[in-house]
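Worksheet: the structure to be examined is printed underneath.
The values are calculated or read from the model by the stated rules, or taken from the named source; none is laboratory data. All figures in this text were calculated on a predicted structure; none of them were measured in a lab. FYI the Cβ positions are ideal-geometry reconstructions off the backbone, even for glycines, and counts take in every protein chain you see.
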Amino acid sequence: MTIPPGGTIGILGCGQLGRMTAMAAARLGYRTIVFGPEADAPAADVAARHFRADYAEAAALAEFASAVDVVTLEFENVPVAALEWLCARRPVRPGPRILEVTQDRLAEKRFLAGLEIPTAPFAPVADAAGLEAALTALGPEAILKTRRLGYDGKGQVRLGPGAAVEDAIAALAGAPAILEGFVSFARELSVITARRPGGELCSYPPVENRHAEQILIETIAPAELPPRIAAEAVAIAERIAGSLALEGLLAVEMFLTGDDRLLVNELAPRPHNSGHWSLDACAVSQFEQLVRAICDLPLGDPTPTSPCTMQNLLGHAVDGWPELLAEPGARLHLYGKRETRPGRKMGHITRLRR
Ligand code: AMP
């Protein structure tokens, strides 16, 4: 079902991804209503309305559903029950089944294994004895991650030889976890794919991502890769999007090993930080592509108009805005967050490389 310009898009989540989606939606003539519990809500500043409520509040969800034509999300940890409830009333794109897979690192890895798509070796961990067994199976160099609700390296413990197993379990406060073998990758890549309800697919080229303390700091777009590897990365992302019957956007994070193998690390069914460059170096940004996909409009051209580098402004790096504004050719994006905290994503800057 097409939702033509003039319609209203409901976004679950109120962060910067929702903000940039709402701005792209406005450019195509849509109104946006956002839903989420936060007070410091970057998307609320640019939306027609903010339902400030918990995702479990049925009355607020009902009013939200009746005010919008289609529902999407910018935060993948929206409770599946809320999505199922909305699904009965409005098109929800992406739908609850995808969230069930991507909210749980173990379900996600098992899903990928089912598609025979390589990932880091993994094993579920419920307690210290399970962690001992998993370390014996996967080797001492590993990362213990909570199955749910981790982001930007939160809920993760790096383990090496002689690791204190009890301490690692305690650090995750007993949350169900997954142990992943440590991948000594050469580079990190990601691919963002859009899929319309009818199955049309469109992918941005792979980009290279650099992290510091597990937080993305820089994206180089497009990644400099042998064409065969770039094509393989896109094919993997599109196969996953097709298998999930995605309606919307999917970011696929991957490791590239020194011997040119691609391993999928993580899936995110929403706009992704590694796609922000597309605002400044593509005819159609990832945010507009999401709007097109969920409204069932023809997808836009993902070809970069220029190579570029996107740098995140984390914490007080944002205070450098006067110098950044003065930089010729640089494009500054600030998210309007009220509070600056160390490591918090406050904005980003794109520099075109001609
Ligand atoms: P994640 O939250 O799973 O995306 O992890 C954040 C970052 O930690 C990744 O972008 C990698 O830099 C690093 N990382 C995560 N898992 C692994 C792994 N199995 N092996 C090596 N590095 C990893």
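Of the residues making up the range 17-29, those that are touching a residue at least 40 places away in the same chain (Cβ under 8 Å) and surrounded by fewer than 24 Cβ atoms within 10 Å (Cβ to Cβ) number 4. Taking first residues from the range 300-316 that are farther than 20 Å from R353 by Cβ and partners that are among the basic types (K, R) and part of a loop (DSSP other than H, G, I, E, B), the Cβ contacts under 6 Å between residues at least 6 apart in sequence or on separate chains come to G315/R344.
Going by the structure shown, is S203 near the ligand (Cβ under 10 Å from one of its atoms), modelled with pLDDT of 90 or more and among the hydroxyl-bearing types (S, T, Y)?
Values: near the ligand (Cβ under 10 Å from one of its atoms): no; modelled with pLDDT of 90 or more: yes; among the hydroxyl-bearing types (S, T, Y): yes.
Answer is no for this residue.
None of E57, E76 is touching a strand residue (DSSP E or B) at 6+ places or on another chain (Cβ under 9 Å), assigned by TED's automatic domain parsing to the domain that holds R19, farther than 21 Å from G29 by Cα and at pLDDT 95 or above except E57. Among the conditions (1) within 9 Å of the ligand (Cβ to nearest atom); (2) closer than 30 Å to T2 by Cβ; (3) among the basic types (K, R), K145 misses just one, which is (2).
Yes or no, residue by residue, for (1) more than 22 Å from E74 (Cα to Cα); (2) in a loop (DSSP other than H, G, I, E, B):
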site: I229; (1), (2): yes, no
site: A237; (1), (2): no, no
site: G242; (1), (2): no, no
site: L246; (1), (2): no, yes
site: E253; (1), (2): no, no
site: D259; (1), (2): yes, yes
site: R270; (1), (2): no, yes
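A Cβ distance below 6 Å, combined with a sequence gap of six or more or placement on separate chains, defines the contacts here; from the range 333-344, residues that are outside any loop (DSSP other than H, G, I, E, B) reach residues that are of a type outside the set (A, V, I, L, M) and surrounded by 17 or more Cβ atoms within 10 Å (Cβ to Cβ) in the pairs H333/G347; H333/H348; L334/G347.
Residues in the range 289-315 that are closer than 23 Å to L28 by Cβ and in a helix (DSSP H, G or I): Q289, L290, V291, R292, A293, I294.
Residues of the range 80-134 that are part of a loop (DSSP other than H, G, I, E, B) and within 16 Å of the ligand (Cβ to nearest atom): Q103, D104, I117, P118, A120, P121. Among residues that are touching a residue at least 60 places away in the same chain (Cβ under 8 Å), surrounded by fewer than 21 Cβ atoms within 10 Å (Cβ to Cβ), within 10 Å of the ligand (Cβ to nearest atom) and charged (D, E, K, R), E218 is not included. Of all residues in the range 148-161, those satisfying the criterion of being under 27 Å from T102 (Cβ atoms) and either assigned by TED's automatic domain parsing to the domain that holds L263 or more than 10 Å from the ligand (Cβ to nearest atom) (or both) are R148, L149, V157, L159. When the range 168-198 is filtered for residues that are out of contact with any Asp or Glu (no Cβ under 9 Å at 6 or more places or on another chain) and more than 20 Å from A137 (Cβ to Cβ), the ones remaining, listed by number, are A170, A171, A173, A175, F185, I192.
Candidates in the range 283-295 are the residues that are of a type outside the set (D, E, K, R) and touching a helix residue (DSSP H, G or I) at 6+ places or on another chain (Cβ under 9 Å); of these, the one that is surrounded by the fewest Cβ atoms within 10 Å (Cβ to Cβ) is V284. If you go through the range 237-255 and keep only what is within 16 Å of the ligand (Cβ to nearest atom) and out of contact with any helix residue (DSSP H, G or I) (no Cβ under 7 Å at 6 or more places or on another chain), you end up with A237, I240, E253, F255.
Evaluate the following for E100: is it acidic (D, E), within 16 Å of L244 (Cβ to Cβ) and under 23 Å from the mean Cα position of the chain (by Cα)?
yes
Given A186, A233, A223, which one is at pLDDT 95 or above, over 28 Å from R344 (Cα atoms) and within 16 Å of the ligand (Cβ to nearest atom)? Quick ask: steps written out before the conclusion?
Values: A186 fails: over 28 Å from R344 (Cα atoms); A223 fails: over 28 Å from R344 (Cα atoms).
Of A186, A233, A223, the one residue that is at pLDDT 95 or above, over 28 Å from R344 (Cα atoms) and within 16 Å of the ligand (Cβ to nearest atom) is A233.
Are any of the residues in the range 49-58 touching a residue at least 40 places away in the same chain (Cβ under 8 Å) and within 21 Å of the chain's Cα centre (by Cα)? Yes, some residue in the range 49-58 is touching a residue at least 40 places away in the same chain (Cβ under 8 Å) and within 21 Å of the chain's Cα centre (by Cα).
Quick one: which residue in A194, A164, A177 is more than 15 Å from the ligand (Cβ to nearest atom) and not assigned by TED's automatic domain parsing to the domain that holds L256?
On the way: A194 fails: not assigned by TED's automatic domain parsing to the domain that holds L256; A177 fails: more than 15 Å from the ligand (Cβ to nearest atom).
Every option except A164 fails the conditions.
No other residue among D259, D319, D280 is under 30 Å from I98 (Cα atoms) and not hydroxyl-bearing (S, T, Y) apart from D280.
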